[in-house]
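All remarks here apply to the structure that follows.
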Amino acid sequence: MKLLASGREADVYDVGDGRVLRRYRNGHRSVGDEALVMRHARQHGVRVPEVHRVAGGDLEMERIDGPTMVDAMVNGALPIDDGAVALASLHHDVHHVPALRSQAPEHRLLHLDLHPYNVIMATDGPVLIDWPHATDGPPDLDVAVTAVILAQVVHLPGPHAELAAAFLESFTTRVAPPPRQMIAAAATRRAADANLTPAEHAALPSAVAMLHQLFGHRTPDQSDS
Ligand SMILES: Nc1ncnc2c1ncn2[C@@H]1O[C@H](COP(=O)(O)OP(=O)(O)OP(=O)(O)O)[C@@H](O)[C@H]1O
Ligand SMILES: [Mg+2]
């Protein structure tokens, strides 16, 4: 098996036949729920790799050929504004998918890790990968989580800080602005993520402050929603 990529929690192998195997390194994690969500999203028209086989921490799925959205923007093939439009459109698509379990009328399927590293630019359009965080909830939360992730990158020393700033500015004009408390909820979720590095933790307050400004939130001492 040829190793294609190694993420924070999983390794992805090319297993031939147009398929990849995504294998959690911590073997006890089950991918049953992840596969269920991916199939549900796909049935409702979201571009998601087709799931072929599930066993324990292994998920075998359709191989999607193409660069990630980040790589496509870095190499100039994809203008930043076009990337932002495509990411907003993926949010839109996911939030049209009915919730799997929640009965709350405003709840939909959420991806909750919907950022440009989790989008593969296939020749026939963007495909959304990496679904372990998906759950039911209010669409504003998904947009807020994406915005927090991008704003953290802006505030981290790294090669993509400027790209993230331009992307975030464009993205925020293409989505319904999440209310102030949704940014706080998204930041709390991020802070609870065991995979976050100390530098990413440290970037959270500046990220949140930037988003309040970008989304035009008033400060808490002004009456605000
Ligand atoms: N269906 C697929 N087809 C082709 N390549 C894939 C596919 N799924 C994942 N990959 C490759 O593996 C990489 C990591 O995948 P994924 O984001 O699902 O794993 P991860 O462990 O959660 O990674 P990270 O922690 O970096 O988010 C992707 O960037 C992509 O290069
Ligand atoms: Mg990923």
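In terms of other Cβ atoms within 10 Å, His40, His115 run from fewest to most in the order His40, His115.
Placing unit charges on the Cβ atoms of the charged side chains and taking the dipole of the chain about its Cα centre, the candidate lying farthest along the positive direction among Ala202, Val154, Val85 is Ala202. In the neighborhood of His111, defined by Cβ-to-Cβ distances under 14 Å, what is the net charge if each Lys or Arg adds +1 and each Asp or Glu adds -1? Once all neighbours under 14 Å are counted, the net charge is -4. Principal axis analysis of the Cα atoms in segment 134-175 yields extents of 33, 20, 12 Å, listed in decreasing size.
Remark: segment 2-62 projects, on average over all directions, an area of 4.1 nm² (convex hull of Cα atoms).
Give the longest segment of the chain that steers clear of trypsin sites (Lys or Arg not before Pro) in DSSP loops with at most 12 neighbouring Cβ atoms within 10 Å, not counting the sites themselves.
Numbers: sites that count: Arg8, Arg25, Arg101, Arg218.
My reading of the result: 102-217 is the longest stretch.
Between helix 139-154 and the chain there is an angle of about 80 degrees, using the helix long axis and the longest principal axis of the Cα atoms. Charges were assigned to the Cβ only: +1 to each Lys and Arg, -1 to each Asp and Glu. The resulting dipole of segment 69-214 about its Cα centre is roughly 400 debye.
Normalised Debye scattering of segment 69-214 at q = 0.13, 0.18 Å⁻¹ gives log10 I(q)/I(0) of -0.54, -1.07, counting only Cα atoms as equal scatterers and leaving out solvent. With neighbours defined as other Cβ atoms within 10 Å of a residue's Cβ, the residues Val74, Val46 order from fewest to most as Val74, Val46.
Coordinate-derived values only; no laboratory data. Just so we're clear, the structure is a prediction, and the values are computed from it rather than from any experiment. Please note: Cβ atoms are built from the backbone with ideal geometry, for glycine as well, and neighbour counts cover all protein chains shown.
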